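Below is one structure, written out as structure tokens; the observations come after it.
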Amino acid sequence: MESLNIESLIFDLALILVLGAIATVLFKALKQPVVLGYIVAGFIASPHFSFFPSVAVEANIEFWAEIGIIVLLFSLGLEFSFKKLVNVGGSALITAMIIVLGMMGLGYVVGKLLGFPTDDSMFLGGMISMSSTTIIIKALTDLNMRHRKFVPMIFAVLIVEDLFAVVLMVLLSSVAINDTVASGEMLMSVLKLSFFLVIWFTVGIFLLPTLFKRFRRIISDEMLLIISMGLCFSMAIFSVKSGFSMALGAFVMGSILAGTVEAERIEHVISPVKDLFGAVFFISVGMMVNPAVIVANAGTITLLSLVVIVGMIVFGTFGMLATGQPLKMALQSGFTLTQIGEFSFIIASLGMSLGVLQDNIYPIIVAVSVITTFTTPFFIKSADPCYNWLERLLPSSWTRLLSGYSNQAAQSETSESRQMWSSIIKRYAVRVVLYSAVAFAVAHLSRTLLKPLLINAMGEDWGCLLGALITLVALAPFLLAITLPSTKRSQLEKLFSESGTVTNVPIVIMIIISLVISSGFIMAVLYGYNVASSEMAVVIALGITLLFALVLAPRFKSRIMQVEQRFIGNVNERENRRTGRGNNLVSDLHVAYMRVGHNCPFVGEKLKNANLRQRYGVNLVNIQRNGRIYPVPTGEMRIFPGDVLGVIGNDEQIQQMLPLVEASEQVTTQASSDVKFTHFTIGEHSPLINKELRNARLSEDYESLLVAVQRGEDEFITPTPDLEFLPGDILWIVGDTKRLAALK
């Protein structure tokens, strides 16, 4: 076995990190995305740039870059949760599907026209179908447009696109490995992927949040980092053993952990790891940039850049219009999505590692990403003028048609009966899919592991009979749950009171499907264990299913509902902890945990002056600050941004208090600057000396918020208009650190 050259490994890592650090500073000063700086740093460190020392062994960088992909996908999974996917709604799902399918088809056609092989064309379609979340957030922040009406819908589409990207990576890998696009094998790949995701999301959500809650008090940040990265790499390895990529396993584990109460802590502790290996990955992307290839393919790069920009505008706008969004919002959304980024590089890396991509495609995609990144702010600002031009150009009949369709879709979405039926069908679909997946896993394990063991021990006849009985007993809880009705009595009563009648057709269809699925599992077990002929298996399966549905299901309903409530509670655990739902103490009182924002009206005040009980009717039970918990804090303790307050109150009181406590508008509107909560001592030559707060113009001239003034070691003064600043005062203040330096 070849020994590892530690010296070259450290040299290469040192070189790319130093170059990455320099590029980060330069591009930050130029107000450009840091990702572009990493790409430039990678190009300088590559053999293609002969005026600077290059890396000794490129395989070293590939090793670090592979870890970077895993950590990046894990962190993306932490930002993606089932709750987010449910909340984005059907509009974002349909829009993202239109964009991805449209751009994939367009990319495939353009690839074939350019003479690329089939595999390359398919990967090209995948690479140009994903907009960059990082670049869009950066552009909207720089343009101060994070609070525009269309932005939440854009973020919802990006969430769904992230999920599609992971699925797409699996499908492209399958096509590349099998060297075919046969529909049967593609369908099997999709089914296998779906089964893998459902099983591990179900098991993970049922177990991990419970374990985190039980051991939360003893898990330090160091332990949490080790646990979360251990889970990440373990799932990555298991994903490979199951026939998928490491990136998929990392994304799945991140998504599972995203719903736990420790999600924010995990994001915090892995942030340095993500930044380090993410930088290495993007630098490795830059190392693939070959100027000779770019010059030779300038026409191809220009064409693909136009395809990305025009295609994203067309499909993004059409997707939004198809889901009932107004024309203006649709155009704003389409013009915002006009770039490709991190997932394009990841898909390209996947194609290179599988050996199905030509060497010149990688630098072409990098060049297209750089061009579209620079043009993104221009197109975002062009959306409104384009809408004004279209509004004048379109016939009035078209404008009325689009407006009427948008209003009709909005009214349809807000219809109470429609929302009720949507809730019923959604609950039914989720229940059937989850329980069916678990039942399939049990049946598969029984047939592959239990059946041979019993036959060897007891002979074929008795072994098969006992195996079938054990399997049916193990399947019983899941089949009982499938046959339970998904409609609640209160929902049926409400639907009846609205319309005067309730159609039974959807309910009957759901019952029939449940009975068929349950019977199918029983038939498969009986037939698979050779204990009954196919005709007899049908009869026995129908009999057992009716027994489950009519006799056993009503008796075990409460137990099944308890299990479901625990699962749903784990899915919603992060949100429930914030709002306090599920933490009932006495009557309608419960504990909620809310993080203090920089614009909280009582930030910096002593608790005795905040009057939380008098203002909001709640009781403060603890304060969490920098990993430490202060139980039953005294009235002398102050509230600072970033504190997590544990309060007891009812739903109305907590919902009234939440937006005030978590107010952080100042930070989100200035995310591009170095806005921090900091403190410093003012000297004798500070412009604040002997000035009163009302005349200091901190907000107007320095865009800062004074939280408290520390005078002496223990004296904290709540800011008032007549407060006079003295030399030696320590200001606890929120603002841009560069601008605040003038106050020192």
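Just checking, which of 21, 45, 59, 65 is within 14 Å of residue 277 (Cα to Cα) and more than 27 Å from the chain's Cα centre (by Cα)?
Just one listed residue meets the conditions, 21.
On the given criteria, is residue 684 at pLDDT 80 or above, of a type outside the set (S, T, N, Q) and not assigned by TED's automatic domain parsing to the domain that holds residue 593? Let's see the steps before the verdict.
On the way: at pLDDT 80 or above: yes; of a type outside the set (S, T, N, Q): yes; not assigned by TED's automatic domain parsing to the domain that holds residue 593: yes.
Yes: the conditions hold for residue 684.
Given the residues 42, 37, which is the only one that is assigned to a helix (DSSP H, G or I), in contact (Cβ under 8 Å) with a residue 60 or more places away in the chain and not β-branched (Val, Ile, Thr)?
Values: 37 fails: in contact (Cβ under 8 Å) with a residue 60 or more places away in the chain.
Testing whether each residue is assigned to a helix (DSSP H, G or I), in contact (Cβ under 8 Å) with a residue 60 or more places away in the chain and not β-branched (Val, Ile, Thr) leaves just 42.
Quick test of your reading of the structure: residue 237 fulfils all but one of (1) in contact (Cβ under 8 Å) with a residue 40 or more places away in the chain; (2) assigned to a helix (DSSP H, G or I). Name the failing condition by number.
In the conditions (1) in contact (Cβ under 8 Å) with a residue 40 or more places away in the chain; (2) assigned to a helix (DSSP H, G or I), residue 237 misses (1) alone.
Which one is nearest to residue 213 (Cα to Cα), of the residues in region 223-268 that are surrounded by fewer than 19 Cβ atoms within 10 Å (Cβ to Cβ) and acidic (Asp, Glu)?
Once the filter is applied, the top-ranked residue is 264.
Residue 271 is checked against (1) more than 22 Å from the chain's Cα centre (by Cα); (2) surrounded by fewer than 21 Cβ atoms within 10 Å (Cβ to Cβ) and fails just one. What number does that condition carry?
(1)
Only one of (1) at pLDDT below 80; (2) of a type in the set (A, V, I, L, M, F, W, C); (3) surrounded by fewer than 21 Cβ atoms within 10 Å (Cβ to Cβ) is not met by residue 289, so which one is it?
Against the list (1) at pLDDT below 80; (2) of a type in the set (A, V, I, L, M, F, W, C); (3) surrounded by fewer than 21 Cβ atoms within 10 Å (Cβ to Cβ), residue 289 comes up short only on (3).
Name the one entry in 361, 309 that is under 20 Å from residue 43 (Cβ atoms) and modelled with pLDDT of 80 or more.
361
Any residue at all in region 296-307 that is of a type outside the set (Val, Ile, Thr) and crowded, with 24+ Cβ neighbours inside 10 Å?
Yes, region 296-307 has at least one match.
How many residues does region 680-697 hold that are under 43 Å from the mean Cα position of the chain (by Cα), in a loop (DSSP other than H, G, I, E, B) and hydrophobic (A, V, I, L, M, F, W, C)?
The number of residues fulfilling the criteria is 1.
Looking at region 698-723, which of its residues are surrounded by fewer than 13 Cβ atoms within 10 Å (Cβ to Cβ) and either assigned to a loop (DSSP other than H, G, I, E, B) or touching a residue at least 40 places away in the same chain (Cβ under 8 Å) (or both)?
Residues satisfying the conditions are 712, 713, 714, 720, 721, 722.
With the checklist (1) on the phi < 0 side of the Ramachandran plot; (2) in contact with a helix residue (DSSP H, G or I) (Cβ under 9 Å, 6 or more places away or on another chain) in hand, flag the one item residue 693 doesn't pass.
(2)
For the subset of region 621-645 comprising residues that are without any contact (Cβ under 8 Å) to a residue 60 or more places away in the chain and small (Gly, Ala, Ser), which member is nearest to residue 265 (Cα to Cα)?
642
Hey, any hits in region 210-220 for a residue that's at pLDDT 75 or above, under 21 Å from the mean Cα position of the chain (by Cα) and crowded, with 20+ Cβ neighbours inside 10 Å?
yes
Suppose we filter region 329-355 for residues that are of a type in the set (Phe, Trp, Tyr) and within 15 Å of residue 107 (Cβ to Cβ); how many remain? Write out each step before concluding.
We begin by selecting, within region 329-355, every residue of a type in the set (Phe, Trp, Tyr); these are 335, 343, 345.
Narrowing further to those that are within 15 Å of residue 107 (Cβ to Cβ): 343.
Result for region 329-355: 1.
Scanning for something at negative phi, at pLDDT 75 or above and touching a Lys or Arg at 6+ places or on another chain (Cβ under 6 Å), does region 625-635 turn up at least one residue?
yes
Out of 680, 716, which single residue is over 18 Å from residue 606 (Cα atoms), of a type outside the set (Val, Ile, Thr) and out of contact with any Ser or Thr (no Cβ under 7 Å at 6 or more places or on another chain)?
Every option except 680 fails the conditions.
Looking at (1) of a type in the set (A, V, I, L, M); (2) modelled with pLDDT under 70; (3) over 24 Å from residue 325 (Cα atoms), which one does residue 85 not meet, given that it meets all the others?
(3)
The values are calculated or read from the model by the stated rules, or taken from the named source; none is laboratory data. No experiment lies behind these values; they were computed from the predicted model shown. All Cβ positions, even for glycine, are placed from backbone atoms using ideal geometry, and neighbour counts span all protein chains on display.
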